[in-house]
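Let me begin by presenting the structure, written as structure tokens, before commenting on it.
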Amino acid sequence: MKKIAITTLGCKVNQFESAAFATAFEAQGCQLVAFGAAADVYVINTCTVTARAGQQSRQLIRRVLLAHPEARIVVTGCYAQMDPETVLGLAEQPVTIIGNGNKHLLVEAALAEEHPDLVMLMGQIRRKKEICDLPVKRFRGRTRAYLRIQDGCDNLCSYCIVPFTRGRSRSLPLARVLQQVEVFAEQGYKELVITGINVGKYGLDLGEQQTIYSLLDRICRDFPSLRMRLSSIEPTEVNDHLLELMTTHANLMPHLHIPLQSGDDEILARMNRRYTRADFAAVIDRVHRALPMAAIGCDVLGGFPGESEQAAENTYQLLAELPVHYLHVFPYSRRPGTLAASFGEQLPGPVKDARVQRLRRLDREKRALFYQEHIGTVHQVLVERRSPKSGHLQGFSENYLPVLFPGSSTLLRQVVPVRITGIEEGQPMGCVVDAVLEENHGNR
């Protein structure tokens, strides 16, 4: 029985794909072990979305190669796709490099009896027309499952390397999506996070007359006991149809993560984002009016090339004024191979850092206000784990409140009603609601 160790850097799509590798290895009779343990095969699923992520990928590959010279090392993911020559330069021993378009071949290559000095299954990712079919049985150690429905991106934002590492937008056929949801339901999952590189483009390449909206409607109707949550969706793809689905289906969670990147029109144009600050504000306002209790999150980049003090202020003020509830803030990262890497007016690190820190303070203020607004309200919380720090149970509400509360371990992996009772050290605290007492209280 071969021992397999898998580690994953980066996005939810990578995590889904690593779970698919684990499923396939187990089907071949292999034993999965922790990545720090002794193993026959080490799989490294890399990321390169930022310069730091690429550096982390290189460091991890180098460390594993040095620590396990007798093992079979398999490197895949976006860093491997983008820079396989550097991966080769790190290795003084046999290595397997699998491109993103050939991840369905990874397990077979890793377990092959004959293993030459180099196995390199790359291909031209931009020519791939079909998504890799990677079935997943379960996510080890996770209460929520990721449901990858789409891969690749056609947007070509000037700062983003992903279209060159993931290829064009490709969708999983409807029948395969439904089969995967059925597997997760049989495994007892209570919530699925619907993910992809650009999920709003789902179905447009299939010829099945499917869209992200028809898919959401179908899986919400077919699996009413499963909570569905979108991982991220572009502002241009948030429309009245989506909001109607979210108000109609109780199992489609009131939570949207909508990338902004910049609140300045000139910078948005340089980024090749296809909306203006006014467009984005209108989208957020529409969501807030339709779903006043929904959580709205945003991605934002600080320090894009040519971002003036006024442009940075425009971004800050837009976010400060809008009813958004949390921010994922990143410093602009210069990625070779992207259009923005060739732009002049690259900003120095201290300027980027200062702008990022200011936005992160705004994030903390936004979260605190959102949490405060929910004190006294009752939410359905999926209990994910017991906090190692406090010993309390921990989980997320429908609208993505991270709640801590006392309770029995029998509640793990269950959805339970929790009243938000206060905020401690920036953390929403709660207590489990007795349904009978709550009903009597409401009738008085």
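The values are calculated or read from the model by the stated rules, or taken from the named source; none is laboratory data. Bear in mind the structure is a predicted one, so any value in this text is a computation, not a measurement. Cβ sites come from the backbone with ideal geometry, for glycine too, and all protein chains shown count toward neighbours.
Tabulated values for the structure
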read-out	value
Of all residues making up region 227-286, the number that are farther than 21 Å from L322 by Cα, crowded, with 17+ Cβ neighbours inside 10 Å, assigned by TED's automatic domain parsing to the domain that holds R148 and among the charged types (D, E, K, R)	2
Within region 109-136, considering residues that are charged (D, E, K, R) and surrounded by fewer than 18 Cβ atoms within 10 Å (Cβ to Cβ), the one modelled with the lowest pLDDT	D117
Positions within region 154-177 being of a type in the set (V, I, T) and modelled with pLDDT of 95 or more, in sequence order	V177
Which listed residue is under 30 Å from L230 (Cβ atoms), within 17 Å of the chain's Cα centre (by Cα), at pLDDT 95 or above and not basic (K, R), from T7, T48, T23	T7
Sole residue being β-branched (V, I, T), touching a strand residue (DSSP E or B) at 6+ places or on another chain (Cβ under 9 Å) and within 30 Å of A53 (Cβ to Cβ), chosen from I194, I219	I194
Helices (runs of 4 or more DSSP H) contained entirely in region 1-106, each with at least 2 residues that are of a type outside the set (G, A, S) and crowded, with 20+ Cβ neighbours inside 10 Å	12-27, 51-67, 78-82
Residue within region 186-198 that is touching a residue at least 12 places away in the same chain (Cβ under 8 Å), hydroxyl-bearing (S, T, Y), in a strand (DSSP E or B) and not assigned by TED's automatic domain parsing to the domain that holds G10 present	yes
Selection from region 340-399 of residues that are of a type in the set (A, V, I, L, M, F, W, C) and within 14 Å of C431 (Cα to Cα)	I375, V378, V381, L382, V383, L393, F396
So Y400, is it outside the structural domain of A295 (by TED's automatic domain parsing), in contact (Cβ under 8 Å) with a residue 40 or more places away in the chain and crowded, with 18+ Cβ neighbours inside 10 Å	yes
Long-range neighbours under 9 Å by Cβ, at least six apart or interchain, first residue at positive phi and of a type in the set (D, E, K, R) within region 408-428, second surrounded by 14 or more Cβ atoms within 10 Å (Cβ to Cβ) and part of a strand (DSSP E or B)	R413/L382; R413/V383; R413/E384
Pairs with Cβ under 6 Å, 6+ apart, first in region 329-340 and in the same structural domain as V351 (by TED's automatic domain parsing) and among the aromatic types (F, W, Y), second surrounded by 15 or more Cβ atoms within 10 Å (Cβ to Cβ) and modelled with pLDDT of 90 or more	F330/L301; Y332/L301; Y332/G303; Y332/F304
Only listed residue being among the hydrophobic types (A, V, I, L, M, F, W, C) and at pLDDT below 95, chosen from V415, V436	V436
